[in-house]
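Below is one structure, written out as structure tokens, with a few remarks after it.
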Amino acid sequence: MTLATDIALKPKDFATDQDVRWCPGCGDYAILAAVQRALAKQGIPPHQIATIAGIGCSSRFPYYMATYGFHTIHGRAPAVATGLKVARPDLQVWVATGDGDSLSIGGNHFIHLLRRNVDLKVLLFNNRIYGLTKGQYSPTSELGKKTKSSPQGSVDNPFLPMSLAVGAEGSFLARSIDVDAKTLADVLAAAGAHQGTALVEILQNCNIFNDGAWDHLSSKEFRADQTILVEHGKPMIFGANRDKGIRLNGLRPEVVKIGENGVTEADLWVHDAHDEDPTRAFLLSRMEYPLFPVPVGVLRSVQRPVYDALVNAQVDEQKATRKANLQGLLNGRSTWVVG
Amino acid sequence: MTASATSAKPREVRDSVVIRFAGDSGDGIQLTGSQFSAASALAGNDTATFPDFPAEIRAPTGTLAGVSGFQLHFASRDILTPGDRADVLVVMNPAALAANLKWLKPNGILIANADSFQAKNLRMAGYAENPLEDGSLADYQLFQIDLSRLTNDALQGFGLSAKEVERCKNYFALGLVFWLFERNGEMVEGEIRRKFAAKPVMMEANLKVFHAGWDYGENTELFALSYSVPAAQDIAPGTYRSIAGNEATALGLVAAAHKAGLDLFYGSYPITPASDILHTFAGLKEYGVRTFQAEDEIAAICAAIGAAYGNQLAVTGTSGPGIALKSEAMGLAVMTELPLVIVNVQRGGPSTGLPTKTEQADLLQVLYGRNGESPMPVLAARSAGDAFDTAFEAARVAIKYRVPVVLLTDGAIANGAEPWRIPDVDALPTIEPNLLDDAAKLEGGPLLPYLRDVETLARPWIKLGTPGLEHRIGGIEKWDKTGHISYDPQNHHNMVKLRQAKVDAIAAEIPPMHLEGAPEGDVLVLTWGSPYGAALTAVRELQAQGRSVTHANLRWLNPLPLDLGALLLKFRTVLVPEINNGQLVKVLRAAYALDIKQYNRISGQPLSVMELRDAILNVLPH
Ligand SMILES: Cc1ncc(C[n+]2csc(CCOP(=O)(O)OP(=O)(O)O)c2C)c(N)n1
Ligand code: SF4
Ligand SMILES: [Mg+2]
């Protein structure tokens, strides 16, 4: 296990001397700063951390992190990181990936990573567009979106990444918005502490090819009414006046006004992030604008056996119970002597 | 009695015998064949085997699609191939006969399970008449044996179901051929006891049937004589075992990891004929082996690359279709200059092709099948036992030069077993991983992840987790030395040349070509991979007739040995036999601009000694 040191770390201990090449105004800058702050706070020194990415604007991330880092190939970061984590459980491994990288070309690795529950922290930069290739629609782009590759509007139905992740048995699912520094800091800290795959979807603005894609959630004007911060053990309340809430009618969430029609706080859905049953996490993952406020915070956090720990436990167990004897192994079961 | 008693009947001594077992894939043919070959090896014979699997695991019983074969060559001298054609063919049903009769020599012994030659089975095998009765087998010594009935008779009183009885009949056949060739049955008895330890009734039943088969040969008048193949005398002294290529590949890599003091990571997705490598590794955790059964071949190699970055001996294994999926990641390993071994157990292609059959048609794929200038060392094993040494060498080179290395084997090598002289672990060379594992080694200078060793051009393999050695790598072109991203035109040119030079430099440590025959003459037969055995056998036969023929085999396909070009010029004709449409021959023509001859048969089967002898005769001066 990686251990926090006593020496106080600063965000700049995680910054490299490389020129950051994102477009001015890109949401990725805020995410980079938030991650560097979160790692400093967490206290694990840079040499015990590796940052692995695929390909995309967001996947440039490792170059700007003063940890060990690997900028791999499109969609494959989860696989490279899995191999690294199995080989080196002593390192804390972060994965940076985009919506195209993780959900189109890397979709297969993404779901299998969640299923295995490898101890990786995954930052999914969701800007609902292919940034690096200059603006084609992505698997999270909304139907009807006009892009260079969909001049009449996209006819490709999108994924909800969190719904996919629930279906893939994700043990830790969180969401934040690039500009929401407070929530981002909290979910990054929680992801860092989770054992197993910790997926953090970050709603990120690409101001060049999809500017304003999340304005309805990120702008100060709408944020309070159109997002909801879910916190374990607390009733789901939102709104600028904190007077709205979510009530569960059977398995159907509904928006209610506190104080109207006899609704009190006691009627609201109390968020249980640790619920083993994924049903409610799935309901949360389906809450979409404009019918619902979009949940941010930790949607789900449950303990499940961790793949890399299981692999290494088997290796340790076999090493302890069966003595390695290479000559014996080469000899096999039956031999004969000539001459 | 035990099945190890010697026969009272007259015996004929033979120098070598090829026997082929064939039946439904559910008939236990592979087991029967391997037990016979193990007993032959223990009897001191040299052996070589060729399992011939159907693609379908359980094709409908009695159909041609379901026929499984196992050919064994055992001899009282050094042999290199499983034999062109069989002296003895054992068939469990009409389909097995229809599919395998072509492999039986004229006047060969044909043992048929007569019970199964009934209307339905005959029809499924495409026979209008019963071949056992219509005289069409007059050219062979036909022995009709009611295996099912005899097995059933032997098991009276055991209280077994008809199905259970049927499953014992392969041991009757095995007992009979053990009698026929004077094999010692103790080992088979031991195997039966081990295998059925939990089912005492089945254990007794199989032992009984095995003995009944032996007795049948000895006591009935059907067989007038038995055969003896004495122990071979010209085999190098040492301790031997039988080994198949896939297992040898895995053991060679485990040995290399041990000699390098590294743990081994194997990423793979199941595929015929490579899966047994995964199975073998999965059972070797106490040697520090971690296996990752990935979601696809891409994940398998990518995880291996991650493990290589994490300082383990990383290996990924597959067959041609999997290499196709891995090729982008193979380029990433070239670019990041990490040690990695990529095993390709070749099978018939293209596409799904012939999954269970052998071929050598992926050479150009592994040499050239990637985007950009992407040079990679390529080695090929020539036989099952040789796969151990070649795998060890592939790992050694990968670690020393920090490169991905391809190891080629094929279906015939992977599944065919041969006696293997077990190496002494202490005598295997030590591999020095030479990790950069301490910032103090930089002596105050900057960390340069792409600084090169002057001799090998290798970059440092940096121990992850070391304070002060944090660095970033990736697939984008990098500045030499610093490893930073670079789009500089001249730098890219230099880096392309450097990556090539690094692979070329390996040629300096390839040993001189080993020749079987004179260093000059009429014909040089040059092989790579599994045709080695048949080619060398054909060459030796022609040499015995005084012909000017030499044989050489290439373990290294990239880079080519430094002395190869000069060698080719010493012969009037160079002939390259391959189980492909002419791939090495293209590489050689391009490298040396010589008119090199080719011989190719691409039928999913190994090349035979006979056809290679004819092919050589064709190019020899008349
Ligand atoms: C095999 C392969 N196919 C296509 C590409 C081109 N490509 C690079 S990034 C990218 C999409 C990136 O989108 P996303 O993952 O959303 O990242 P973003 O740039 O938006 O951060 C594509 C299609 C590639 N690099 N490799
Ligand atoms: S293209 Fe978009 S996502 Fe990429 S760096 Fe520019 S703003 Fe950011
Ligand atoms: Mg994107």
So how exposed is A:Val311, as accessible area in Å² (1.4 Å probe, rounded to 10)?
20 Å²
Rank B:Ile602, B:Ile476 by accessible area, highest first, at a 1.4 Å probe radius?
B:Ile602, B:Ile476
Does region B:429-507 come out rounded, prolate or oblate by the C-alpha gyration tensor, with a ≥ b ≥ c the root eigenvalues, rounded set by a/c under 1.5 and, if not, prolate when a/b is larger than b/c and oblate if not?
oblate
Protection proxy ranking of A:193-203, B:299-309, A:237-247 - average other beta-carbon atoms within 10 Å, highest first:
B:299-309, A:193-203, A:237-247
Cα centroid separation - region B:77-137 against region B:576-622, whole Å:
31 Å
With Cα atoms, 0 to 90° folded angle of helix B:320-336 axis to chain B main axis
20 degrees
Run the quick spin-label model on B:Ala507 and A:Ile7: label points 7 Å from Cα toward the beta carbon, then report their separation in nm to one decimal.
4.9 nm
Shielding of B:280-292 by partner chains, average beta-carbon count, 10 Å:
5
GluC sites (Glu not before Pro), restricted to region B:331-413: which are DSSP loop and have at most 14 other Cβ atoms within 10 Å?
B:Glu373
For helix B:186-195, what angle does its Cα long axis make with the longest principal axis of chain B, in degrees from 0 to 90 and rounded to 10?
70 degrees
Taking one equal scatterer on every alpha-carbon of region B:25-172, how large is log10 of I(q)/I(0) by Debye at q = 0.08, 0.10, 0.17 1/Å?
-0.23, -0.37, -1.05
Estimated buried accessible area (total), pair A and B, 1.4 Å, Å² to nearest 100:
5300 Å²
So what's the back-of-envelope 222 nm ellipticity for the protein assembly as shown, counting only DSSP H runs of four-plus at -39500 (n - 2.57) apiece and dividing by all residues, rounded to 500?
-9500 deg cm²/dmol
Taking a 1.4 Å probe, which of A:Asp275, B:Asp276 shows the most accessible area, and what order do the others take after it?
B:Asp276, A:Asp275
For peptides B:109-119, B:184-194, B:420-430, sequence by mean Cβ density within 10 Å, most packed first:
B:109-119, B:184-194, B:420-430
Roughly what angle does helix B:532-544 make with the longest principal axis of chain B, taking Cα atoms, 0 to 90 degrees, to the nearest 10?
70 degrees
Using the structure shown, list the pairs from B:Lys259/B:Lys441; A:Lys319/B:Lys195; B:Lys120/B:Lys169; B:Lys259/B:Lys570; A:Lys41/B:Lys400; A:Lys182/A:Lys234 with a Cα-Cα distance above 29 Å, or answer none.
B:Lys259/B:Lys570; A:Lys41/B:Lys400
What FRET efficiency, computed as 1/(1 + (r/R0)^6) with R0 = 56 Å and r the Cβ-Cβ distance, is obtained for B:Asn494 and B:Glu520, rounded to the nearest 0.05?
0.85
So for region B:538-618, what percent of the C-alpha to C-alpha distances run longer than 14 Å?
66 percent
Take B:Glu373 and B:Ala138, extend 7 Å from each Cα along the Cα→Cβ direction, and tell me the distance between the two endpoints in nm.
7.0 nm
Here D for the protein assembly as shown, in µm²/s, from Stokes-Einstein with a Kirkwood Rh over Cα pairs at 10 °C and 1.306 mPa s, works out to 51 µm²/s
Pairwise over distinct Cα atoms, reciprocal of the mean inverse distance: report the Kirkwood radius of chain B in Å, one decimal place.
26.3 Å
Give me a single rounded figure for B:473-484: the average over its residues of other chain Cβ atoms within 10 Å of their Cβ.
3
Extending each Cα 7 Å along its Cβ direction at B:Glu443 and A:Thr279, get the distance between those two points in nm, one decimal.
6.9 nm
Kindly provide the GluC sites (Glu not before Pro) of region B:213-315 that DSSP labels as loop, not H, G, I, E or B, and whose Cβ sees at most 10 other Cβ atoms within 10 Å.
B:Glu221
Gaussian network model of chain A, Cα within-10 Å springs - most flexible of A:Glu317, A:Glu265, A:Glu288
A:Glu317
Separation between Cα centres of region A:155-172 and region B:11-65, rounded to whole Å:
51 Å
How do A:18-25, B:82-89, A:209-216, B:144-151 rank on mean C-beta neighbours within 10 Å, highest first?
B:82-89, B:144-151, A:209-216, A:18-25
Could you please report the charge total around B:Pro273, scoring K, R as +1 and D, E as -1 over all other residues with beta-carbon less than 14 angstrom from its beta-carbon?
-4
Compute, for B:Tyr269, the solvent-accessible surface of its heavy atoms (probe 1.4 Å) with the complete set of protein chains present, and express it in square angstrom to the nearest 10.
90 Å²
How would A:Trp336, B:Trp103, B:Trp479 rank on accessible area, largest to smallest, probe 1.4 Å?
B:Trp479, B:Trp103, A:Trp336
Full-extension gain between A:Asp267 and A:Ala181, please, as 0.36 nm times their residue separation minus the C-alpha to C-alpha distance.
27.9 nm
Per DSSP, loop trypsin sites (Lys or Arg not before Pro) in region B:472-572 with at most 15 further Cβ within 10 Å:
B:Lys570
Mean other chain Cβ within 10 Å across A:95-108 is 1
State in Å² the accessible area per residue of the protein assembly as shown; use a 1.4 Å probe, count heavy atoms of protein chains only, and round to the nearest integer.
39 Å²
Which value, in debye to the nearest 20, gives the size of the charge dipole of region B:241-427 about its Cα centre, when Lys and Arg are +1 and Asp and Glu are -1 at the Cβ?
120 debye
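The values are calculated or read from the model by the stated rules, or taken from the named source; none is laboratory data. As the structure is a prediction and not an experimental result, all values here were calculated from the model. So basically every Cβ, Gly included, is an ideal-geometry build from the backbone, and we count neighbours across all protein chains shown. Calculation scope for accessible area: heavy atoms of the full protein, side chains included, ligands and nucleic acids excluded. Shrake-Rupley method; radii C 1.70, N 1.55, O 1.52, S 1.80 Å.
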